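All remarks here apply to the structure that follows.
Every number here is computed from the coordinates shown, using simple stated rules; none is lab data. On a predicted model such as this, the values are computed, not experimentally measured, just so you know. A quick note on method: Cβ atoms are made from the backbone with ideal geometry, for glycine too, and the neighbour counts reach across all protein chains shown.
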Amino acid sequence: MRIAVIGRGLIGSAAARHLAEAGHEVVLIGPGEPADYATHSGVFGSHYDEGRITRGLDRMPFWSAVSRASIARYRALEAATQVPFYSEVGTLMAGPEGTAGVSDVGDVAQQSGITCERFDRASLAARFPFFDFPSDTIGYFEAQNAGYISPRNLVRAQGIAVEAAGGQIVDAEVTGFEEIASGVTIDVAGDRFKADRVLIAAGGFTNGLLGDALPLKVYARTVALFEIDTAEATRLAAQPSLIYLGPNGEDPYLLPPIRYPDGRTYLKLGGDVVDRDLTTQEARQNWFRAGGSVEVGVMLTDHIRARMPELEIRSTHIRPCVTTYTPTDLPIIDLLSGRVAVAVGGNGKGAKNSDELGRLGAEAVLGDVRPDLALAASMVA
């Protein structure tokens, strides 16, 4: 069967790999990372980055399960493609004792049999001296099968695996598609492709191809990169990834020192406290071109100063991205017709488990849909 996957991001590239390795004729279509955000006139992706937290711990059993399924395949994909993307530095999830967020994480860890260590405030300070937590903080530390991934390199690895399995990659933006009697036609600039079926996995730009048919919220997000020198990177060599689950639902996340393509080392922090809904395709494009929110950058700087008061910061930079949410806080992975399927809705958690979401998308385009991920489930949520 010839299957086109629209979207060369984390979920789309994973779906294409699973389909190609299953023996299908696959064409993966989507543009690469733009050289200049400010002047780019097309769509964007949120995987243009070197650090996303990965872990089995989560507040929701679904996200824990799909994350653990993906993590279990990381090393095999790295070995097959010779592209390293996974750093197993561990992940700490911490917050005020007795609050819903921390309690949910503890419950999921116990129910799912995730190996982790529980710390109180005193033991947190001893084990993780580079962090400063409020006195009522407890934490769960997942030392193995957790840490961070490079989303850029993960997408690159998936693409190499697609081509190794006989798939085709087209570096172009899809401008439209049409179902016809014999299949589906997909239009790109100056060309047209035909497939038996299509899977759309275009992240925050998915509804642009579907006429806003899906109940999605695409929120503007800003992350801050804090540059540190070699001495600070050495001091923080044992730092894990961190998610702080605040008492009011806030959950800022912090990546350990990572060397970026510009040769500098940064700690990355994200955690917008206000959801800014980007309701149109133009608004999403303009958000990426604008480069992020200065106000959120200031808030994130205040947060890292509170959490790591001894951190020596050389420079601070902000970057834009978006997150795509569904009414159920689960992805929508479903057939929209007999020939067109969709896989979208990472709900702020999709990078680490994208390989499994892609696998589920591959199953969906072949007709096997999980009821809890179907569009109908989201419509009634």
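Observations
- Sorting the segments 81-87, 19-25, 175-181 by their residues' average number of neighbouring beta-carbon atoms within 10 angstrom, most packed first, yields 19-25, 81-87, 175-181.
- Computed label-point distance, nm, for sites SER123 and GLN281 using a 7 Å Cα→Cβ extension: 5.3 nm
- Principal-axis tilt of helix 281-290 within the chain, Cα atoms, nearest 10 degrees: 40 degrees
- Principal-axis tilt of helix 10-21 within the chain, Cα atoms, nearest 10 degrees: 50 degrees
- With respect to the chain, whose longest principal axis is taken over its alpha-carbon atoms, helix 354-365 is tilted by about 20°.
- FRET efficiency, VAL294 to MET1 (Cβ-Cβ, R0 56 Å, nearest 0.05): 0.70
- Gained length - LEU210 relative to THR99, 0.36 nm times residue gap less alpha-carbon distance: 36.0 nm
- Counted residue by residue at 0.36 nm each, then reduced by the alpha carbon distance between them, the extension gain from GLN144 to LEU236 reaches 31.3 nm.
- Ranked by how many other beta carbons lie within 10 Å on average, peptides 246-255, 358-367 from highest: 358-367, 246-255
- Neighbourhood net charge (15 Å Cβ-Cβ; Lys/Arg +1, Asp/Glu -1) for ASP277: 0
- Here's the list of lysines a cross-link from LYS268 could span, going by alpha-carbon distance under 17 Å and ignoring same-chain residues fewer than 8 apart: LYS349, LYS352.
- Size of electric dipole in the chain: Cβ of Lys, Arg +1 and of Asp, Glu -1, about Cα centre, debye, nearest 20: 440 debye
- Per-residue extension of 0.36 nm, minus the Cα-Cα distance of ASP136 and THR39, leaves a gain of 30.2 nm for this segment.
- The dipole here belongs to region 58-150: it is taken about the Cα centre, uses +1 on the Cβ of Lys and Arg and -1 on the Cβ of Asp and Glu, and is about 300 debye.
- Cα-based shape type of the chain, given that a ≥ b ≥ c are square roots of the gyration tensor eigenvalues and the cut on a/c is 1.5: prolate
- Each peptide among 189-195, 333-339 gets the average number of other Cβ atoms lying within 10 Å of its residues, and from highest to lowest they stand as 333-339, 189-195.
- Spin-label pair ALA374-MET60: with each label point 7 Å from Cα along the Cα-Cβ axis, the two points sit 1.9 nm from one another.
- Two-site FRET efficiency, ASP171 against LYS217, from Cβ-Cβ distance with R₀ of 41 Å, rounded to 0.05: 0.90
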